[in-house]
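*Asks:* To start, I am sharing the structure in question, which I have written as structure tokens.
Derivation of every value follows stated rules applied to the coordinates shown; laboratory data play no part. Note that the structure is a prediction, hence the values are computed from the model and not measured. Glycine also receives a Cβ, built like all others from the backbone with ideal geometry; neighbour counts cover every protein chain displayed.
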């Protein structure tokens, strides 16, 4: 049986690898890059990370961390691969972006029943079941086809990418390594550039007066979780100090200041490792639409980065997503055509882990449909179930993208109010218990089926 998957990003790659485990399926995985470029990708590799190199928290008390555990139980190929290419970043799962996508490419190319086809698809396939995973950078031609298929307008917003600098160009007479609230013995995963009040005010004034690349009116919508730093700054001089530049819990161990005193930096710019060799670092929370010359001036106004060599400037790029509540059911199957599934950011989920999760879930249900099994649904006591429930909730008045978060998960009752960590751990244990039981039930059902076939 033939299946077409459109788009070899994280969702499409995960879907293809999952389906390839069934030898009865032949998967055609279509990717238009490098023949047709997006303006944001740097290569033609499947699974290339465009923005940050962080897949979010790896701890189950974090929403993204729980989602990783859930999809691992459900059979994800990419989450274990991400851990293989992990680079230091505290509890976050950050990866060597080049090694990660190169490994995905090798895995796909070495799988016999996956054909990676370098071709732009301009319409939704009608000759076989398919999963549309073209993501936020769907080509103009396919956007038109998706719009026609959905019977309504697509929504667009713009996303921003943070700059990357060379580690060797950072001035460590000023910058220091530390993670927030780390112990005295630990080695910090982040590079930190501290500012006093005067330095921060100078930085802020440069930022809010810097020249931006022009956007058309319809482009000026941003996903809140990936807001350009200049847009955040426009909300007030201290907004950044309580956001990406917050100094709380960061201390330079080389200083003789007692960290238990009230002394702390006025603001801190953090840089996160971007490659396994630790030669490249991205500026955390510095997604931007400033012109490149203005970016260089701004970066070099940060103490410790006065001679920073920028290897990639920040850019803005289009993001497109469908109005999923009117288009999809909770199985990620199109309401108007059961042979068409959608996955990844085009569905209105935000984040790398969320893209992987929906790619896997769409693949699971497409396979179940083909073999006439009931489609899988997950309760909103699981993070993935809650995410799917959110993006397919028919009563949304103004549907906007979301990532995994505790606010969408069904609440638990406690005898007394627990701490945030205790509450999140209880929610995580409830979810993982359900999914492990689900997996065990599936294994038992498969064993019974095999015994029946042998009789």
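*Asks:* Calculate how steeply helix 197-208 sits against the longest principal axis of the alpha-carbon atoms of the chain, using the helix alpha-carbon long axis, and give the answer as 0 to 90 degrees to the nearest 10.
*Replies:* Helix 197-208 sits roughly 50 degrees off the main axis of the chain.
*Asks:* Where does each of 168-181, 240-253 land if you order them by average Cβ count within 10 Å, highest first?
*Replies:* By packing density, highest mean first, the sequence is 240-253, 168-181.
*Asks:* Counting each pair of different Cα atoms once, what's the Kirkwood radius of the stretch 296-439 in Å, rounded to one decimal?
*Replies:* Result for the stretch 296-439 stands at 17.8 Å.
*Asks:* Ordered by packing density, taken as the mean number of other Cβ atoms within 10 Å over each peptide's residues, highest first, how do 293-304, 431-442 rank?
*Replies:* Packing proxy ranking, top to bottom: 293-304, 431-442.
*Asks:* If you don't mind, there's one more thing I want to ask. Please give the residues of the stretch 301-327, grouped as numeric ranges, whose backbone N is less than 20 Å from a label point set 7 Å along the Cα-to-Cβ vector of residue 166.
*Replies:* The answer is 301-314, whose backbone nitrogens lie closer than 20 Å to the label point.
*Asks:* In which sequence would 143, 193 go, from the one with the fewest C-beta neighbours within 10 Å to the one with the most?
*Replies:* Arranged by neighbour count, lowest to highest, 143, 193 become 143, 193.
*Asks:* For the stretch 318-357, what is the largest minus smallest coordinate of the Cα atoms on each principal axis, given in angstrom and ordered from greatest to least?
*Replies:* Largest to smallest, the principal-axis extents are 26, 20, 14 Å.
*Asks:* Another question, then. Could you tell me the calculated FRET efficiency between residue 242 and residue 433, based on Cβ-Cβ distance and R0 = 35 angstrom, to the nearest 0.05?
*Replies:* It comes to 0.45.
*Asks:* Roughly what angle does helix 63-74 make with the longest principal axis of the chain, taking Cα atoms, 0 to 90 degrees, to the nearest 10?
*Replies:* For helix 63-74, the angle is close to 30 degrees.
*Asks:* Output the Kirkwood hydrodynamic radius of the stretch 65-126, Cα pairs only, in Å rounded to one decimal.
*Replies:* 13.9
*Asks:* Let me ask something additional. Taking the Cα atoms only, what angle lies between the long axis of helix 97-109 and the longest principal axis of the chain, rounded to 10 degrees?
*Replies:* 10
*Asks:* Starting from 0.36 nm per residue, how many nanometres of slack lie between residue 377 and residue 393 once their C-alpha separation is accounted for?
*Replies:* Here the segment from residue 377 to residue 393 would lengthen by 4.4 nm.
*Asks:* On to the next question. Using a Förster radius of 30 Å, what is the FRET efficiency between residue 213 and residue 122 based on their Cβ-Cβ separation? Nearest 0.05, please.
*Replies:* 0.55
*Asks:* Where the centroid of each part is defined by its Cα atoms, how far is the stretch 96-137 from the stretch 412-434 in Å?
*Replies:* 38
*Asks:* While we're looking at this one, here's another question. Write down, largest first, the equivalent ellipsoid semi-axes of the chain in whole Å, where each equals the square root of 5 times an eigenvalue of the alpha-carbon gyration tensor.
*Replies:* After scaling each eigenvalue by five and taking roots: 39, 26, 21 Å.
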